[in-house]
Ligand SMILES: Cc1cc2nc3c(=O)[nH]c(=O)nc-3n(C[C@H](O)[C@H](O)[C@H](O)COP(=O)(O)OP(=O)(O)OC[C@H]3O[C@@H](n4cnc5c(N)ncnc54)[C@H](O)[C@@H]3O)c2cc1C
């Protein structure tokens, strides 16, 4: 999103991506659905490039628009097809005029006088050195900021990792949603207490299921999956279901050795969960695994220390800021770093705002950070990390980078009101 926004704002852009396709966790890790473009009152709080992507996906059958979240945790969810998302995002990138360099890993950073002078990359062609006036770090793991020496917030306590667990999602096809729906309606105690039971009785679509508590409790130890419930979502096609239930704890998603172990364990869990659902849950008798993602999903690794650190109070109380570049109304949503539970907060009444300062790493001048690695506490991050919010932060980083280059100003020196105005011009809600 950052590359598209910067190119549309008139900048010369090179977008470096290690995978052979864009989309990050949405495509590579099949993290599904997008949560959430709306606040609890049903008002849309996120739009811009994220909304454009949804609209364009709908045209090609890759999305259904925004649907009610039948778990009742948030107002809306947005199912999408990961493969069609790769296609549409690639089209958006190419049309924007941004140059792409896929299959390329950012391996090093050169810093001079407190600014990033160049990044070093490695790929099949060898090693390269790439200079730019402004850099955007949208690596999720703050790879550029970290390698450039910017301070990173501590994420261990008493030797234990305090980051959220990793999860290998997967997609089942051949699912019959009718018996699932009947079971949810008939057994409310078995499901998340906010589930829209009354609406489901009146015919509301079943888009998400969180529970099967008793059945799952009987088996999760045997399957060795540290999770307290089954969680799955309907997809774009009527017989699909995206399962977000596996959980790998106490491994560092920014460490290749830990990631290797996590991939092995994540794939083991996919098989045992899919087999168990097939054999024990009504509606899954004819189900089969139709997709396992390229990589395990990584929720949380490095978070930068920026000019502002967004926290839980900001989220819950709906904090507003003069330099706001995005809104969100998603509550704090923490999958326990160790253990099987979930810790959540109230959502703000309207929305909270993310200040541009969260995207500015201390100690580096010409670097803007976007996505899940911005400056936020563990709790603040547990809300800002959601994909539509990351889309909006990417868009803001792109427009800010373009303005920095055009005005010959550092990102910190930008006129925030002009930045916000340009974002509104690109359809963002700020
Ligand atoms: C299991 C799981 C479940 C989730 N559930 C939901 C959900 O239901 N709904 C929701 O909206 N959000 C959900 N999230 C959160 C959301 O998916 C992510 O927080 C969000 O997508 C992060 O976006 P990002 O762009 O910051 O990072 P990423 O999506 O991680 O993208 C980073 C990009 O940078 C590339 N990259 C990284 N390092 C390098 C490098 N050194 N060189 C070159 N390229 C590099 C990667 O390949 C990738 O394309 C979930 C996350 C996980 C892991």
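Each value in this text was obtained by applying a stated rule to the coordinates, not by laboratory testing. Treat the numbers as computed from the prediction; the structure is a model and nothing was measured. Don't worry about glycine lacking a Cβ; one is built from the backbone with ideal geometry, like all the others, and counts go over all protein chains shown.
Observations on the model:
- Listed peptides 93-99, 348-354 by packing density, highest first (mean Cβ within 10 Å): 348-354, 93-99
- Segment residue 43-residue 224, length gained on full extension (0.36 nm per residue, minus Cα span): 61.1 nm
- Shape summary: the range 165-298 maps onto an equivalent ellipsoid whose semi-axes, from the alpha-carbon gyration tensor, are 27, 16, 13 Å in decreasing order.
- Nearest 10 degrees, 0 to 90: helix 82-96 Cα axis against the chain principal axis: 20
- Placing pseudo-labels 7 Å out from each Cα toward the beta carbon at residue 118 and residue 406 gives an inter-label distance of 2.9 nm.
- The spacing between the range 399-424 and the range 169-227, judged by their C-alpha centroids, is 46 Å.
- When each of 317, 358 is scored by the number of other beta-carbon atoms lying within 10 Å, the sequence from fewest to most is 317, 358.
- Compactness of the range 1-134 as Cα Rg over 2.2 N^0.38 Å, two decimals: 1.23
- Net lengthening on full extension, residue 194/residue 157 (0.36 nm per residue, minus Cα-Cα): 10.0 nm
- Rounded to 10°, Cα long-axis angle of helix 177-186 versus longest principal axis of the chain: 70
- Zero-based 10 Å bins, Cα pair distances in the chain, whole percents: 5, 22, 33, 26, 11, 3, 0
- Calculated mean residue ellipticity at 222 nm for the chain: -9500 deg cm²/dmol, from DSSP H runs with n ≥ 4 weighted as -39500 (n - 2.57), summed, divided by the residue count and rounded to 500.
- Cβ crowding within 10 Å, taken as a proxy for footprinting-reagent exposure, orders 92, 393, 30 from fewest neighbours to most as 92, 30, 393.
- Estimated inter-spin distance, residue 272 and residue 344, nm [label 7 Å along Cα→Cβ]: 2.6
- From least to most packed, judged by other beta carbons within 10 angstrom and beginning with the fewest, 330, 146 follow the order 146, 330.
- In degrees, nearest ten, helix 213-223 long axis to first principal axis of the chain (Cα): 70
- With 0.36 nm allotted per residue and the present C-alpha distance subtracted, the residue 102-residue 255 stretch has 52.9 nm of extension available.
- Per principal axis, descending, Cα span of the range 193-246 in whole Å: 37, 25, 13
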